[in-house]
Amino acid sequence: MNDLQKTNVANLRSLITKQQAQIKLALPKHISPERFARALFTQLQVNPALAKCTPNSVLASTMKAAERGLMPDGRMGALVPFRNNKTGTMDAQFVPMYQGIISLMRQSGEILDVFPATIRENDKWDWELGLRPNLIHKPALSDRGEALAYYAVATFRDGTRSFGAGLMTIEEVEAIRQRSPAKNSGPWVTDFEAMAWKTVIRRNAKYWPQSDELAQVIADEEESDFGRYEVNVTPGAGEGVDAKLMSEAKQRQAKEATVPAQESGGVPGAAAQQEEAPETSGWPRANEDGELVDARGIPWIEAAHSANKTCKENGEWRMKRGADPHRVAQLEAEAMKHQAEEPAGDRGPPATESGGAGFSFETLMEEAEAVQTEEDRDQVLDLMRSSQLTDEQREQLAQVMADNIAAAS
């Protein structure tokens, strides 16, 4: 990594750090902002090509990864650079990996696991569709030969199994690759088999139960116009991205998504219950405490509202798929009562303009302990500036970094 790329990486880290409040709002509860940021910064460090991408696209890809609930760690998902032929620039695109899609499939509650595999020239195999679909695959123990086809088998909660639409030949997978803007870079080049598995899993997802999060990922994958999700910010300024903009971007994608689902495990073509397509209403928005609320001031409720966290045209939360309307009304009434009774001071500090509380002391200490050069130190100092620390904590971090630089030299 040359000096220019190092400077670009430092600028991207600073830009993303300033958006910590928005990233935190988009992330699901099981992923901490600190862990998400560490994975992201590691990818920026190990993939120098991302330093050449526009800050707009890196930030947009980061927000998409957060909203989809997938870590940008190269295993669950990855930020992939590609040449934007419309603008002539290098842009970053968030690409879910097959492990990430399987993780989202499990969230439906109907799928226990998904097993992808590759059929090669010297394997013994046979498959048939029709009234009794069946697949037999006995891999050769050695010298399996070139890849011929790919498939994935889902195991459902009731013990039944399904291989969805069947096999995909390598020619079919290659045709999908050719439609990707990142066909000549990233995982399509370095991890073709993993991308082939993801492709067949994505196709089969149309025949299997889906979580709302997975439906959004499928819609993203089928959306060829990546520019539709661009975020308009001034490079290096870290301004212009707020909860309203993120919500509207998410609503546009959700509105175009078709969400197939099965009523019973493993039976392709079962009737699907679909939610009403959302309209762009400007809601939800972050209140003064940094919490997403709808037009009535009601916060998002996991048991009542859509996992997409989007609102209808009238600004009210969309109801969760299959939820009892009477139960939803009861939960919303309780939430409104709680909001009215809770003192403002008990709701935690509001987010700051520089990105909320930033990083925890423990996370910053991990970064400080990895410092080897003055440039590394400057990057940690950028993180410290946007974090709420005591003077003693700042001194400890500075001392650790100074000792590490001295030892390295």
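The values are calculated or read from the model by the stated rules, or taken from the named source; none is laboratory data. Because the structure is predicted, anything quoted here is derived from the model rather than measured. We place every Cβ from the backbone using ideal geometry, glycine too, and count neighbours over all the protein chains shown.
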Test result for ALA117, in a strand (DSSP E or B), within 26 Å of the chain's Cα centre (by Cα) and surrounded by fewer than 22 Cβ atoms within 10 Å (Cβ to Cβ) = yes
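Here is a yes/no grid of residues against (1) over 19 Å from the mean Cα position of the chain (by Cα); (2) hydroxyl-bearing (Ser, Thr, Tyr); (3) at positive phi:
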| position | (1), (2), (3) |
| --- | --- |
| PHE163 | yes, no, no |
| LEU167 | yes, no, no |
| GLU174 | yes, no, no |
| SER180 | no, yes, no |
| ASN184 | yes, no, no |
| ALA194 | no, no, no |
| TRP197 | no, no, no |
| ILE201 | no, no, no |
Those residues of the range 114-141 which are at pLDDT 90 or above and of a type outside the set (A, V, I, L, M, F, W, C), in sequence order | PRO116, THR118, ARG120, GLU121, ASN122, ASP123, LYS124, ASP126, HIS137, LYS138, PRO139
Search the range 363-409 for residues being outside any helix (DSSP H, G or I) and more than 27 Å from the chain's Cα centre (by Cα), and hand back the single one that is surrounded by the most Cβ atoms within 10 Å (Cβ to Cβ).
-> VAL371
Restricting the range 65-86 to residues that are charged (D, E, K, R), under 18 Å from PRO187 (Cβ atoms) and touching a Gly at 6+ places or on another chain (Cβ under 9 Å), which is surrounded by the fewest Cβ atoms within 10 Å (Cβ to Cβ)?
-> ARG75
Those residues of the range 337-380 that are farther than 25 Å from LEU397 by Cβ and either β-branched (Val, Ile, Thr) or at pLDDT 50 or above (or both) come to a total of 7
Of the residues in the range 179-192, those that are in a helix (DSSP H, G or I) and exposed (fewer than 15 other Cβ atoms within 10 Å of the Cβ) come to VAL189, THR190
Checked against (1) closer than 25 Å to SER180 by Cα; (2) surrounded by fewer than 23 Cβ atoms within 10 Å (Cβ to Cβ), SER61 satisfies every condition except (2)
May I ask you to verify whether GLY74 is over 30 Å from VAL46 (Cβ atoms) and free of Cβ contacts under 8 Å to residues at least 40 places away in the same chain?
-> no
In the list ALA333, ALA329, ALA277, which residue meets the criterion of being farther than 26 Å from HIS30 by Cβ, modelled with pLDDT under 60 and out of contact with any strand residue (DSSP E or B) (no Cβ under 7 Å at 6 or more places or on another chain)?
-> ALA277
Any chance ILE119 is among the β-branched types (Val, Ile, Thr) and farther than 20 Å from ASP191 by Cα = no
Limited to the range 197-219, what total is found for residues that are touching a strand residue (DSSP E or B) at 6+ places or on another chain (Cβ under 8 Å) and either at pLDDT 85 or above or assigned to a helix (DSSP H, G or I) (or both)?
-> 10
Pairs with Cβ under 8 Å, 6+ apart, first in the range 146-163 and more than 18 Å from ILE136 (Cα to Cα) and in the same structural domain as LYS124 (by TED's automatic domain parsing), second of a type in the set (S, T, N, Q) and in a strand (DSSP E or B) | PHE156/SER162
Based on what the data block shows, is ALA65 touching a residue at least 40 places away in the same chain (Cβ under 8 Å), of a type in the set (A, V, I, L, M, F, W, C) and assigned to a helix (DSSP H, G or I)?
-> no
Kindly indicate whether LEU79 is more than 30 Å from ALA21 (Cβ to Cβ) and free of Cβ contacts under 8 Å to residues at least 40 places away in the same chain.
-> no
